[in-house]
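In what follows, a structure is listed as structure tokens, so that the remarks can point back to it.
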Amino acid sequence: MKLIILGSGGSEGIPVPYCDCRVCKSREKRLRTSYLIKIKDKNLLVEIGPDFRQQQLKYKFPIDYLFISHVHDDHIRGLIELRHILLIAKIKMKRIRLLISPKLHKRILAERLSEPMKADEKAIERESVRYAYRRLLKKRKVEDHILKYYRQYNFKDFSILLFKDKHGNTFTDGFLLESGNKKLFYLGDANKIGEKIRKIIEEEKPDLLIANTPYFYASPPNEKKKDHIGIETLKGLKVKKILMSHFSHKAGLTHKDIRKRLARYRNIIAAYDGMELKI
Ligand SMILES: [Zn+2]
Ligand SMILES: [Zn+2]
């Protein structure tokens, strides 16, 4: 397997327009979170955020499989772009297989406007993530594979097991992916590692674990919020390699700063845009 980091930024990306913090002034660039996993000749796209169009133009990859972890904009808004590409511009592409939990599938479809809608309400609705999702499924551009939690599903060159964990006041899905004798673990935007998931990590001993850690620590400086995991939790994990990613400017750390802080951990590395890892 090969992993390509299409975006290593937090929900606002780096730099943030108008921001004059030292990270945003450092000329460092991080697009919103997205990972491309190459499994033999197939591509699995993990997260489809607001920078999907840019990422597509920059890295030009076909999508065979798509995984989305949760409903936050920075992980899902690219579905709107995907609808524009496939249904408005009518670009022909192989049908994308969406690997999604029943809970997330329902959640995306769930929000509803009152009916009947006025014309301008309809126009707004047509640019929503839910509408894009619905249309892509209906027009068979995307085929949903609804995967139950904690059950292993086999596809041609890999198997995948989905799990769910807490993410602030909502939930995030994650997965354990196996191909050949290699294992990749994706934590999504979890803000803790639940017992069940910790057990899977300990038993499966993944070759690589990807954690979305916007603030490097569990909370940004001078704030109490704990909606993501931090180095405090990761450093205790017995995993061959851990990749920290999804960095926010709020951490106040440039890539160089992050690398310095990670120097003492043999198995933890920091993502940057365009980074490639062989698993
Ligand atoms: Zn996020
Ligand atoms: Zn900034």
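The values are calculated or read from the model by the stated rules, or taken from the named source; none is laboratory data. In this text the structure is predicted, and so the values were computed from the model without any measurement. Here the Cβ positions follow ideal geometry from the backbone for every residue, glycine too, while neighbour counts run over all protein chains shown. Remember, those area values only see protein heavy atoms, side chains included, never the ligands or the DNA or RNA. Shrake-Rupley method; radii C 1.70, N 1.55, O 1.52, S 1.80 Å.
Looking across region 133-168, the residues that are over 18 Å from the mean Cα position of the chain (by Cα), in a loop (DSSP other than H, G, I, E, B) and touching a residue at least 12 places away in the same chain (Cβ under 8 Å) come down to 139, 140, 141, 148, 150, 155, 156, 157, 158.
Find the residue count for region 1-43, including only residues that are free of Cβ contacts under 8 Å to residues at least 24 places away in the same chain and away from ligand 2 (no atom under 15 Å from the Cβ).
Total meeting the criteria: 2.
Restricting region 238-267 to residues that are in contact (Cβ under 8 Å) with a residue 40 or more places away in the chain and away from ligand 1 (no atom under 16 Å from the Cβ), the residue that is farthest from residue 8 (Cα to Cα) is 239. When region 228-261 is filtered for residues that are closer than 19 Å to residue 201 by Cβ and of a type outside the set (A, V, I, L, M, F, W, C), the ones remaining, listed by number, are 228, 230, 232, 233, 235, 236, 238, 240, 241, 245, 246.
From 67, 155, 52, which residue is modelled with pLDDT of 95 or more, aromatic (Phe, Trp, Tyr) and over 18 Å from residue 6 (Cβ atoms)?
Working: 67 fails: over 18 Å from residue 6 (Cβ atoms); 52 fails: over 18 Å from residue 6 (Cβ atoms).
Among 67, 155, 52, only 155 is modelled with pLDDT of 95 or more, aromatic (Phe, Trp, Tyr) and over 18 Å from residue 6 (Cβ atoms).
Checking 189, 207, 173, 227 one by one, the residue that is touching a helix residue (DSSP H, G or I) at 6+ places or on another chain (Cβ under 9 Å) and either more than 14 Å from ligand 1 (Cβ to nearest atom) or more than 16 Å from residue 37 (Cβ to Cβ) (or both) is 189 and no other.
Go over the candidates 66, 98, 86 one by one and state the one that is in contact with a His (Cβ under 9 Å, 6 or more places away or on another chain) and under 19 Å from residue 44 (Cα atoms).
Answer to the selection: 98.
Among the candidates 279, 258, the residue that is among the β-branched types (Val, Ile, Thr), within 16 Å of ligand 2 (Cβ to nearest atom) and either out of contact with any helix residue (DSSP H, G or I) (no Cβ under 7 Å at 6 or more places or on another chain) or within 19 Å of residue 150 (Cβ to Cβ) (or both) is uniquely 258.
Inside region 1-19, can you point out the residues that are away from ligand 1 (no atom under 16 Å from the Cβ) and assigned to a strand (DSSP E or B)? Don't jump to the end; show me each part of the working.
Filtering region 1-19 down to residues away from ligand 1 (no atom under 16 Å from the Cβ) leaves 1-4, 15, 17-19.
Selection gives 2, 3, 4.
Does residue 164 count as away from ligand 1 (no atom under 16 Å from the Cβ) and open to solvent by 20 Å² or more (accessible area, probe 1.4 Å)? Before you say what the answer is, go through the steps one by one.
Working: away from ligand 1 (no atom under 16 Å from the Cβ): no; open to solvent by 20 Å² or more (accessible area, probe 1.4 Å): yes.
The answer is no for residue 164.
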